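We did not get these values from a lab; they are worked out from the coordinates using the rules stated. Note that the structure is a prediction, hence the values are computed from the model and not measured. Ideal geometry is used to build each Cβ from the backbone, glycine not excepted, and the neighbour counts take in all protein chains shown.
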Amino acid sequence: MSRKAFTRLAAPLIHLPEPDLDTDQIIPARFLTTTRREGLGPFLFYDRRYGTDGTPRPDFPLRPLERHGCAFLLAGHNFGCGSSREHAVWALLEAGVRAVISTRLADIFRGNALRNGLLAIELPPAQVLRLARCAGQEVLIDLLEREMRLPDGERIPFAIDPFARYAMLRGADELDLLLELIPEIERHEREREAEHA
Amino acid sequence: MRLSLFEKIWRAHQVRPPALGAPAVLSIDLHLVHEVTSPQAFAELARRGLKVRRPERTLATLDHATPTSPADAQGRPPFADEACRAQAEKLIENCADHGIELLGFGSGRRGIVHVIAPELGLTQPGMTIVCGDSHTSTHGAFGALAFGIGSSEVAQVLATQCLFRHKPKSLRIELRGRLRPGISAKDLALALIHRFGTDGGTGHVVEFSGEAVRALSMEARMTLCNMAIEMGAPSALIAPDETTFGWIEGRPRAPKGEAFARACARWQQLQSDPEAVFDRELSFDAGTVGHRISFGTDPAQNAGLDEPLPQPEGGKLRRAYEYMGLEPGKPLRDTPIDYVFIGSCTNGRLEDLREAAKVLAGRRIAPGVRMLVVPGSEQVKRAAEEEGLHRIFLAAGGEWREPGCSMCIAMNGDVVPPGKRCVSTSNRNFEGRQGPGARTLLASPAVAAASAVAGCLTDPIALQVEAAA
Ligand code: SF4
């Protein structure tokens, strides 16, 4: 279900330095009682953006997202840990987040993100610190060149899994690729079943 | 050969090795499905005109958003709202359309995915098991390679019974010594997460080995593997042994007679070779572990009952204290509590309920405390009732509920109100996990039960001392 990602995009950088922001923070479980992927954007970080009485919390820095319609998220260490809910990625994308950058992204979250065309980038701490100084400013991410460009012209290269990059650039789809392998899958299953008979 | 257990399972399931930058293709033996993370996957199949390829390798149940109060006079489950009901109905419809077995209402076998597959004997050593749920690591207790997946991957497994997978790294954690009497696998899991951090296992399959693991019951092993994801590890593994085989034997879906003997002979091979190489190795003395209770908003923020809580070094812990209404420097013991939740895929099995009942027998929970006891499955519920455990919970003033995830995830109406403290035997103490503003304190069933009686955080021994005084 890969969605085509952008090849180059300039967007403001939102800094959420808090470590271990788990998927329950990204989208609280009570919003998961849906059978659709759409409609989750308004509930992104809901309990961080709103108090238990529903009043907005002005200190939660998602404003650039509301203003520009899209943004990159510079997140704290171990972002996306916890529940496997892909709803977290759907909510981020629907709200306009196009890339998530961190020193560490949790495994299941990172896979879910890339599979949906949400660019997931891990960088060493020094480069994350460098980026943090650009919080609120516009940075450019170039997926073809695998680099970020900061407002002062500095370039930060990033690594990305070549398979995910290929899928994102082409809009190629893991499920389609797997379906092409059905004969090979069948052969493997027959062999294993014979072994266990 | 010098292969790890993980490597052996991986190789047996690799349909195709990684090639040209593409990850390996991994074959999946068992796919567990529930109502919350599957509807979008079935919709994707419908959009593409695809059918479920191996429905006989797929098992569905209703657990996350299902009510834990009994059905009404017409037999209808009292869903929290229409969205929850619609989600359950969607799964019922999808399973019927695709010929998938659903252990739903009235099946007598419904329950939390990670409780029902093992108790049916479906979870077996050497298998690959996936589910759209991060606590799929639980099944690793049987020596199965099991991990949680997203809904897009749920669609892939439904349609092809395979996944693209980059091979994770391997991490062996040797657990030396023995757990002290009264100390549970939950305490051990919390101690490990405390030591190695919420990302200590990220990117790795963890194999737990050592004397302490061998001594654990299957239920305890499941508790330990269940919590591996809270250390960032998507999968945990414990090599199968006589404890494992004994637990599987005679279960409804386990191989029988000759076939069981053959399976056991095969399962015996599922050990890491003595010279096996791991990407990382760690060691931990299980004999030093005492009761652990979480005090913060991630599972690594946990402490012994009498340890002064640590001073915050960063904003994260400060925020956690504020959220939890706790202060650094003070110990957790005697902290007043409002709710107790005994259940979940971590601690909702028969052995867990027995632990809690042992503490609660002949006692009453403190005035003002509300205690929910939620069995992990209908089977667990029946077994507990045969032993009379439910009478102990009810006599203590607790609520004995229908099975489901309940207050672990608070999707079904079982919610902890804002600002209230809940001692919970579940696995996540994230902000809002048990309801907006709810304050979760993760603990073992014994500590949860003792705290229910005292009305504040305590352990079973302190309760005894008090009774004797
Ligand atoms: S009991 Fe809790 S952790 Fe386990 S499957 Fe249900 S919601 Fe997830």
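Just want to confirm a number: the relative contact order over chain B, from Cα pairs under 8 angstrom separated by 6+ residues, in percent.
Normalised by residue count, the contact order of chain B is 17 percent.
In debye, nearest 20, what is the charge dipole magnitude of the protein assembly as shown about its Cα centre with +1 on Lys and Arg Cβ and -1 on Asp and Glu Cβ, if you could check?
460
Within the set B:K186/B:K256; B:K358/B:K381; B:K330/B:K420; B:K8/B:K169, which residue pairs have Cα atoms separated by over 22 Å?
In this structure, B:K186/B:K256 exceed 22 Å between Cα atoms.
Kindly work out what percent of the DSSP beta bridges joining two residues of chain B are antiparallel, to the nearest 5.
Rounded to the nearest five, the antiparallel share is 20 percent.
Amide H of B:A146: which non-local residues (sequence gap of 5 or more, or other chain) have their own amide H closer than 5 Å, using H built in the peptide plane?
B:I129, B:G140, B:A236
Output the Kirkwood hydrodynamic radius of region A:8-171, Cα pairs only, in Å rounded to one decimal.
15.9
In region B:293-463, what % of DSSP beta bridges are antiparallel (nearest 5)?
Of all bridge pairs located within region B:293-463, approximately 20 percent are antiparallel.
What's the magnitude of the charge dipole for chain A around its Cα centre, counting Lys and Arg as +1 and Asp and Glu as -1 at the beta-carbon? Answer in Debye, nearest 20.
So the dipole magnitude of chain A works out to roughly 740 debye.
May I ask for the percentage of alpha-carbon pairs in the protein assembly as shown that lie more than 46 Å from each other?
For the protein assembly as shown, the fraction of Cα-Cα distances above 46 Å is 13 percent.
Projecting each Cα onto the charge dipole of the protein assembly as shown (Lys/Arg +1, Asp/Glu -1 at the beta carbon, about the Cα centre), which of A:V100, B:G210, B:V380 comes out farthest on the positive side?
My answer, from the dipole projection, is A:V100.
Enumerate the calculated ³J(HN,Hα) couplings along region B:367-373 in order (Karplus 6.51 cos²θ - 1.76 cosθ + 1.60, θ = phi - 60°), each rounded to whole Hz, writing x wherever the residue is Gly or Pro.
x, x, 8, 10, 10, 9, 10
Could you tell me which of B:L188, B:S406, B:P252 has its Cα farthest along the dipole of chain B towards the positive end, charges placed at Cβ (Lys, Arg +1; Asp, Glu -1), taken about the Cα centre?
So the residue furthest toward the plus end is B:P252.
Roughly what % of DSSP beta bridges within region B:7-165 run antiparallel, to the nearest 5?
Rounded to the nearest five, the antiparallel share is 35 percent.
Can you put B:T458, A:T52 in order, fewest other beta carbons within 10 Å first?
Ranking B:T458, A:T52 by Cβ neighbours within 10 Å, fewest first, gives A:T52, B:T458.
Sequence-distant or interchain residues sharing an amide H contact under 5 Å with A:L74, placed H: which?
Those lying under 5 Å, H to H, from A:L74 are A:I14, A:H15, A:L16, A:I101.
Would you kindly derive the ³J(HN,Hα) couplings of region A:103-114 from the backbone phi angles with the Karplus curve 6.51 cos²θ - 1.76 cosθ + 1.60 (θ = phi - 60°), listing them in order in whole Hz, with x for Gly and Pro?
3J(HN,Hα) across region A:103-114, in whole Hz: 5, 8, 10, 5, 4, 5, 4, 4, x, 4, 4, 4.
Calculate one ³J(HN,Hα) per residue across region B:52-60 by plugging θ = phi - 60° into the Karplus curve 6.51 cos²θ - 1.76 cosθ + 1.60, and present them in order as whole Hz with x for glycine and proline.
Going residue by residue, I get 5, 6, 10, x, 6, 9, 10, 9, 10 Hz, with x marking Gly and Pro.
So what is the 222 nm mean residue ellipticity for chain B from helices alone, if each DSSP H run of at least 4 adds -39500 (n - 2.57) and you divide by all residues, rounding to the nearest 500 deg cm²/dmol?
-9500 deg cm²/dmol
Can you list residues from other chains, or at least 5 along the same chain, whose modelled amide H is less than 5 Å from the amide H of B:G413?
Correct list: empty.
As a footprinting exposure proxy, order B:S152, B:S451 by other Cβ within 10 Å, with the fewest listed first.
Lowest to highest Cβ neighbour count: B:S152, B:S451.
To the nearest whole number, what is the average tally of beta carbon atoms from other chains within 10 Å of the beta carbons of peptide A:38-47?
The mean count of partner-chain Cβ atoms within 10 Å per residue comes to 1.
Ranking B:S444, B:S272, B:S344 by Cβ neighbours within 10 Å, fewest first, what do you get?
Ordered from fewest to most neighbouring Cβ atoms within 10 Å, B:S444, B:S272, B:S344 come out as B:S272, B:S344, B:S444.
Sorted by average packing, counted as other Cβ atoms within 10 angstrom per residue and highest first, what order do A:60-67, B:113-120 take?
Highest-to-lowest ranking by the protection proxy: B:113-120, A:60-67.
For region B:74-219, treating each Cα as an identical point scatterer without solvent, what Debye log10 I(q)/I(0) comes out at q = 0.12, 0.17, 0.18, 0.20 1/Å?
The computed values of log10 I(q)/I(0) come out as -0.67, -1.15, -1.22, -1.37.
Once you charge only the Cβ atoms, +1 for Lys and Arg and -1 for Asp and Glu, what is the size of the charge dipole of region B:108-180 about its Cα centre, to the nearest 20 debye?
Computed charge dipole of region B:108-180: roughly 360 debye.
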